[in-house]
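To keep things clear, I will list the structure first and then write my remarks on it.
The values are calculated or read from the model by the stated rules, or taken from the named source; none is laboratory data. Worth saying up front: this structure is predicted, and the values here are computed from it rather than measured. Cβ placement follows ideal geometry from the backbone for every residue including glycine, while neighbour counts extend to all protein chains displayed. Side chains included, ligands, DNA and RNA excluded: accessible areas come from the protein's heavy atoms. Shrake-Rupley method; radii C 1.70, N 1.55, O 1.52, S 1.80 Å.
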Amino acid sequence: MRSRGQKAAFWLAAGLAGFFSLAPFLWFVITSLKSQGSVTAIPPTLLPEGSLHFYWSAFAGYGLLGFVLNSLLVAGLTTALTISIATLAAYALARLRLRGTGLVLGLLLAVGMFPQTSLAGPVWRILQALGWLNTYQGLVLPYVTLTLPLGVWILTTFFKELPRELEGAALIDGCNRWQALWRVILPLSAPGVFTAAILVFIYAWNEFFFALLIMSDRARQTLPVGIALFQGQYTMPWGEIAAASTVATLPLVAMVLLFQKRIVSGLSAGAIKG
Amino acid sequence: MAELRLENISKSHGREKVLESLSLTVPDGGFTIILGPSGCGKSTLLRLVAGLDRQDRGRVFIGGAEVTGLAPKDRDVAMVFQSYALYPHMSVAQNLAFPLKMRGASKTQIASQVERAAGLLGLEGLLARKPRELSGGQRQRVAIGRALVREPALFLFDEPLSNLDAQLRQNMRVEMLRLHKRLAATMVYVTHDQVEAMTLGSDIAVLAQGRVQQAGPPGEIYSRPANLFVAGFMGSPAINLLPGRVELEGGGPVLSCPSAELKLPLPAAAASWGGRSITLGIRPERLSPGAGPLAGRLELIERVGPESVLHLSRGALDLRAKAPADFAAPAGQSVSLRAEPESFLFFDQQGRRLV
């Protein structure tokens, strides 16, 4: 039985941690619901008026919908491509009895650790040569490259945990390799696939640096860049930025809440066999 | 229904030779057990037959047709794995239907076959359940059911009973026998359990060091082992092995065994091996307390229900003998043993049995 002191300490620590991570988010949600006058009021007010003015303004005046659609397209494509390629790569790495699979995994991890700044120059030159600057594929390509190591690692771990005999059974029961992967291995790796997909999606959704570098055309910019470049004529449009940030965050929050169970089991796979 | 024929199969994992030029024939409708210690390559052999692994050399024939280069799905075999390998995301019915579905069977065909298999194995009430909601024995049945729904030419069993408790294992053994009789199918069954091998198989192939050491009916393998390995591997408690020289003394041949200060009279036929070094094998059930030429110091008595197993020592030798359940003697006492010379087995220095 835990003592009251321990319980109190636990809740205090949990409360503090929650407050620190949620406070900025709460602050811009509150700000987004204020009116123009109270945004810059000093001292700041805690309770917003509940006005949706900034949302209307962000969509109508700042082209927020375009950024949302760009982000959805880029993040969606990145996720689909990365997961497809990572699935095949991870399946091979997990199953083929080849020497050097450990080395390949190690190299992938090393590649994943390159600082982005060091890649920016070459990536920009390549895309320029391809004529892909300011195109969706121009952004999706480096995103896929950068997220593949993560996807391959997560999925390899998952595939390795599935008993080989399951595939043996599938092959004997009439599957070819593709069917065995599609009908038996993938359904059983769903938590891993979801985890990898969501992490990749979040990365592509939030990525700022490459998006800024590659998309100079306002019509192709994704949410983080789009929002960062909100410009008022005389002042920073704080209210609109807060509203747009809320809009940018909600899909992620919804997605994570929706798949919470699967992500948790995905992230903890390998810790306990199950 | 088909004969399985393996010709000169060799397989290595890296530098380790798992199977060496192995040949074996399982007759049409036969129930052949591949028996061997762990790591002898018996599961590898089964995977080669199924097409899950490829041999380095050699050919595989099923029903007279060569399947050496064919994918598993084109070999018309079914396999039951040690871990059952049921598809966890499918219900029992879906598991049973899967091989039929993959082969494009019609819905009515699938339904009737699944129903038949479920009936045969007593799975009717479990069709909607997922594998995780089943007991070990039930999972085992589903795995067997999945193998038999599509009536393959050849059944492969990879230690299918080893994860079950003793009681269930015994029941399943009887069921396997019934099933074999009913389906009259060719079955290959891998196990390291000699009791399972003796009770199930119409034939046993003893596998060790990548080779078939001996193949034949269970009785013959037990009573006429081809070599020392088979003699030692079959039978529990293990056979008594007495190394020595055949000497001719007085009227007949005797086994002279200096390490145990023993001179044991041998049947007259052994005279032809006079002067040779041999190993004499005596099954424990052929030694029992009574007046005889062999005696040992009693170490302990193992009570195994209907009988007792005596562990004795004589010089450097350990001996095992069988006695009635009520046999009693204090440890350390010398017990004289009656032997049945007609049951003696002789092996030469290379371990081959002398006839």
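For the stretch A:205-265, take N as its residue count and report Rg(C-alpha) divided by 2.2 N^0.38 Å. Against the empirical 2.2 N^0.38 Å value, I get 1.39 for the stretch A:205-265. Averaged over residues, the count of other Cβ atoms within 10 Å places the peptides A:48-55, B:5-12, B:103-110 in the sequence B:5-12, A:48-55, B:103-110, highest first. The mean of 1/r over all pairs of different alpha-carbon atoms in the stretch A:24-267, once inverted, gives a Kirkwood hydrodynamic radius of 20.3 Å. Solvent exposure of the stretch B:220-311 amounts to 44 Å² per residue of accessible area, where only protein heavy atoms count and the probe is 1.4 Å.
By accessible area, using a 1.4 Å probe on protein heavy atoms only, chain A has 72% of its surface on carbon and sulfur. Please compute P(r) over all alpha-carbon pairs of chain B, binned at 10 Å starting from zero, and give each bin as a whole-number percent. Taking every Cα pair in chain B, the percentages come to 5, 21, 25, 21, 15, 9, 3, 0, 0.
Computed over protein heavy atoms with a 1.4 Å probe, the carbon and sulfur contribution to the accessible area of the stretch B:4-233 reaches 48%. Taking the charge dipole of chain A about its Cα centre, with +1 at Lys and Arg Cβ atoms and -1 at Asp and Glu Cβ atoms, the residue from A:Pro115, A:Ala190, A:Leu96 reaching farthest to the positive side is A:Leu96. Once C-alpha pairs closer than 8 Å and six or more residues apart are averaged by separation and normalised to the residue number of the stretch A:24-267, the relative contact order reads 34 percent. About the centre of its Cα atoms, the stretch B:4-233 shows a dipole size close to 520 debye [charges on the beta carbon of Lys, Arg (+1) and Asp, Glu (-1) only; nearest 20 debye].
Could you work out what % of the accessible surface of the stretch B:240-354 is carbon and sulfur, using a 1.4 angstrom probe and leaving DNA, RNA and ligands out of the count? Before the final figure, lay out the partial values.
On the way: 2830 of 5540 Å².
That fraction is 51 percent.
Cα extents for the stretch B:177-242 along the principal axes, largest to smallest and rounded to whole angstrom: 45, 24, 18. Between the C-alpha center of the stretch B:224-247 and that of the stretch B:92-139 there is a gap of 46 Å.
The phi torsions of the stretch B:186-194, fed into the Karplus equation with coefficients 6.51, -1.76 and 1.60 and a -60° offset, translate into couplings of 7, 10, 10, 10, 9, 7, 10, 9, 5 Hz, rounded to whole numbers, with Gly and Pro shown as x.
Interface residues of the stretch A:163-193, defined as those losing at least 40 Å² of solvent-accessible heavy-atom surface relative to the isolated chain (probe radius 1.4 Å), are listed as A:Glu165, A:Leu166, A:Ala169, A:Leu171, A:Ile172, A:Asp173, A:Gly174, A:Arg183, A:Leu188.
Report, as an integer, the average count of C-beta atoms from other chains found within 10 Å of each Cβ along B:120-129. Please report the intermediate quantities before stating the final value.
Details: counts 0, 0, 0, 0, 0, 0, 0, 0, 0, 0.
For peptide B:120-129, the averaged partner shielding equals 0.
Remark: relative contact order (chain B) = 15 percent; criterion is Cα-Cα distance under 8 angstrom and separation of 6 or more residues. Comparing each chain alone with all protein chains together (probe 1.4 Å, DNA, RNA and ligands left out), the residues of the stretch B:77-96 losing at least 30 Å² of accessible area are B:Phe81, B:Ala85, B:Tyr87, B:Pro88, B:His89.
Distance from the C-alpha centroid of the stretch A:187-257 to that of the stretch B:281-355: 82 Å, rounded to the whole angstrom.
Am I reading the A/B interface right? What is its buried accessible area, both sides, 1.4 Å probe, to the nearest 100 Å²?
On the way: alone 16130 and 16310 Å², together 30710 Å².
Roughly 1700 Å².
Ranking A:Trp205, A:Phe59, A:Ile227 by Cα position along the charge dipole of the stretch A:24-267, where only Lys, Arg, Asp and Glu carry charges on their C-beta atoms, puts A:Trp205 farthest toward the positive end. At q = 0.13, 0.14, 0.17, 0.18 Å⁻¹ the log10 of I(q)/I(0) for the stretch B:81-156 amounts to -0.32, -0.37, -0.56, -0.63, computed by Debye summation with a single uniform scatterer per C-alpha, solvent ignored.
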